[in-house]
Amino acid sequence: MTAMPAPATMTSPNRRIGDKVAVGLLGMSVVLIIAILVVILGNVAFHGIGAVTWEFITKPPRDGLMAGGIMPAIVGTAALVILMSIAAVPLGVATAIYLHEYTPAEGLSLAWKRFRVSKGRPGRRRLFFRAMSALLATITRSAVANLAGVPSIVFGLFGLGFFIQFIGRSIDRATQPPGEVLWGQGSLLWAACTLALLTLPTVIVATEEALRTVPQDLREASLALGATQWETIRRVVLPGSLSGIMTGAILGISRGAGEVAPILFTGAAYYLPFLPGDVTDQFMHLGYHVLILSTQSPDVEATKPLLYGTVFVLLALTFLLNLAGVIIRSRTRSRAR
Amino acid sequence: MNRGRRIVNALMTGVFSVAGWVAIVFIFLIFLFTFKETVPIFTDPEVKEEANLHKFFAEQEKGETVSDRYIWQPTSDRPKVSLWPIILGTLKATFVGLLFACPVGVAAAVFSSEFAPAKLREVIKPVIELLAGIPSVVMGFFALIVLATWLQDAFGFTYRLNAINAGLALGFALVPIVYTISEDGLSAVPRSYREAAYALGASRLQTALSVVLPAAAPAVFASFVLAFGRAIGETMILLMAGGNAALTSFSLLDPLRTLSATIAAEMGEVVVGSAHYSALFFMGTLLFVITFISNTIGTWVIHGMQRRMGGSAS
């Protein structure tokens, strides 16, 4: 009887050590990622927290941005974020409701197949419309995915070309005396519209996910009781998915709050001694202020505390929004379980 | 059913159907309006004189080195509008960013889906989310003020701001994209694949690397493609940490200027309707088209994989 050769796959001590090293290397990448986050946040917190005083938060900048506080930037960012949410959230939720509640759940390929095999049977027209609706949903979904990938600077160009040069100038031509420019320039309104577009995909995707968590039985029960589709959505679907929608909205908003590239040419101002009082006013912005302080300061060392303080406030704002979103999400998840 | 309720229902159906078109309309408008401002390059005789496809891409003049032959100086007396220094800068930063983010992101994804205990996994997820939540202007600030100094002290770079520094910071921002999509793909691989590998005597590492990872290859590929799209278009990090010099150079140690940073830096001062203005919008169109293609490929691959694995991987 010949000795059977040891199968190549049998565990040898050698391989176990090799395995451990390799797994350790994989684990190192996780450690590296955590380290990057800790270093960035730690650095900002360490240098920034001392700069954040009551005066810093409540006073405008002084001496050509070399001293003073960042109050106008905080107010400008808040105003921008609120306007952006007013535009983005209802629109995003409506798009998601359309995608999830009004288009065929079976998807494009199945809907099309059902139409094709229905030749000569009654209801063929209805199946055709159903297939077309599924096609529109597919196109919309890919448009949403592509919108999410459009570079933020291109959103800025679009805001300049569409909202300001096209819509703003048209309003001016219609309502203002010749030569006067009110709407056809960068402003809070146009910056908010541009940012709203950028956050739209986040809101749509998150809302659709939230709508998916509402059991189909509930919808059917509601419809069976004689409710219309809109009543079902308002009374059953929306209440059931509200926290998921809110999470998505907040995460989208926190992304929008930190974006600078889209507002560069659509209304952010270098320095304003007053607060924006109207949607046609320009505004200061925390992120833009960070850019200005770190690239245009005549004396980088002298403005460093101001810079770190501004970064700290911006990070705190976005992370608090993020945290709120994450908490709402985890509370809903534990309730669902 | 009473009439009022029926009318309201029909009305709301209309409202939602209109909302369904919003994304399609805007993606179309974005292309249309970015491209519209590019058109004078092809039609307007005055603009064409200064900026056209030939001037963008052809060799400008004789010179000793490549950096003398391809120059971006749109505002000088004799405007020079070669796009090569800027395209090269974009590619250099993207290359370094992906070189960092792809291996790190995939390794972390493999580790957390195949080896990490459940408790550790619950730490990794929020860490990645926080990293993704850092605004790019803050990442740019960090690279400009902190990272650049550290790297220069450690390696003695001639230029404080260079492709390594900017690309690395870009890589930090790309890691969450690579990680999230790869991890989704790895977790979507059915248990039976792993069980079959174990039954054949494979170790956990062998199973992870030669069974699970290849099965999730489309997702990993998609994560690279989507990270590429993000890297090409990323603006603030490169505007702040790239050094802002449009040099035609292949060296990673020189300062650089990307397409996005050029638009961001110059659009504020440009005369609306000038050749320079159209050239900047041309860059915007270029960015839009490149990211549109890479996003379409990325999402298409992910959807294909979802269908095959028979579940939602997102």
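FYI, it's all coordinate maths here, none of it is from the lab. These numbers come from a predicted model, not from an experiment. Here the Cβ is made from the backbone with ideal geometry for all residues, glycine too, and neighbour counts use every protein chain on show.
Can you give the local net charge around B:His276? Use residues other than it whose beta-carbon is closer than 14 angstrom to its beta-carbon, Lys and Arg +1, Asp and Glu -1.
Result for the neighbourhood of B:His276: -4.
In µm²/s, what is D for region B:1-123 at 20 °C and 1.002 mPa s, where D = kT/(6 pi eta Rh) by Stokes-Einstein and Rh is the Kirkwood radius from Cα pairs?
Result for D is 103 µm²/s.
If the cut-off is a Cα-Cα distance under 13 Å, which aspartates and glutamates reach A:Lys119, setting aside same-chain residues fewer than 8 apart in sequence?
Straight-line reach from A:Lys119, under 13 Å: no aspartates and glutamates qualify.
Given charges of +1 on the Cβ of Lys and Arg and -1 on the Cβ of Asp and Glu, with all other atoms neutral, how large is the dipole of region B:53-309 about its Cα centre, in debye to the nearest 20?
Roughly 580 debye for region B:53-309.
Straight-line reach from B:Lys80: which lysines fall under 25 Å, measuring Cα to Cα and dropping same-chain residues less than 8 apart?
List returned: B:Lys36, B:Lys48, B:Lys55, B:Lys62, B:Lys92.
Treat chain A as a sphere of radius equal to its Kirkwood radius over Cα pairs and apply Stokes-Einstein at 20 °C in a medium of 1.002 mPa s; give the translational diffusion coefficient in µm²/s, rounded to a whole number.
The calculation lands on 89 µm²/s.
How high is the relative contact order of chain A, in percent, counting Cα pairs under 8 Å that sit 6 or more residues apart?
Relative contact order here is 24 percent.
What size of dipole, in debye to the nearest 20, comes out for the protein assembly as shown about its Cα centre when the only charges are +1 on Lys and Arg C-beta atoms and -1 on Asp and Glu C-beta atoms?
About 3380 debye.
Roughly what % of Cα-Cα distances in region B:53-309 sit above 29 Å, to the whole percent?
Pairs farther apart than 29 Å: 40 percent.
Mind giving me the nanometre distance, one decimal, between the label points for A:Glu106 and B:Arg204, set 7 Å out from Cα along Cα→Cβ?
Rounded to a tenth, the inter-label distance reads 4.5 nm.
At a threshold of 8 angstrom on Cα-Cα distance, excluding pairs fewer than six apart, so keeping six or more, what relative contact order does chain B reach in percent?
Answer for chain B is 25 percent.
With Cβ to Cβ distances under 15 Å as the rule, what net charge do the other residues near B:Ala108 carry (K, R +1; D, E -1)?
-3
What's the center-to-center distance, using Cα atoms, between region B:261-291 and region A:202-261 in Å?
38
Roughly speaking, what is the centre-to-centre gap between region B:1-77 and region A:297-315 when only Cα atoms are used, to the nearest Å?
Value for the Cα centre distance between the two parts: 35 Å.
In whole angstrom, how far apart do the alpha carbon centroids of region B:109-140 and region A:135-167 sit?
29
How much net charge surrounds A:Pro298 when only the other residues with a Cβ under 14 Å from the Cβ of A:Pro298 are counted, with Lys and Arg +1 and Asp and Glu -1?
-2
At a Förster radius of 30 Å, what calculated FRET efficiency corresponds to the Cβ-Cβ distance of A:Leu218 and A:Val181, to the nearest 0.05?
0.05
How are the Cα pair distances of the protein assembly as shown distributed, in percent, across 10 Å bins from 0?
Over the protein assembly as shown, the share of Cα pairs per 10 Å bin runs 3, 14, 23, 25, 19, 10, 4, 1, 0, 0, 0 percent.
Rounded to the nearest 20 Debye, what is the dipole magnitude of region B:6-65 about its Cα centre when Lys and Arg each give +1 and Asp and Glu each give -1 at the C-beta?
For this selection, approximately 660 debye.
Binning at 10 angstrom from zero up to the longest distance, how are the C-alpha pair distances of region A:19-71 distributed in percent?
Using 10 Å bins, I get a P(r) of 21, 26, 21, 15, 11, 6, 0 for region A:19-71.
Within chain A, what's the longest run with no chymotrypsin sites (Phe, Trp or Tyr not before Pro) in a DSSP loop and at most 15 other beta-carbon atoms within 10 Å? Give the range, please.
A:1-269
At most 13 other Cβ atoms within 10 Å and a DSSP loop assignment: could you name the trypsin sites (Lys or Arg not before Pro) in region B:33-104 that fit?
Those that pass, being in a loop and sparsely packed, are B:Lys62.
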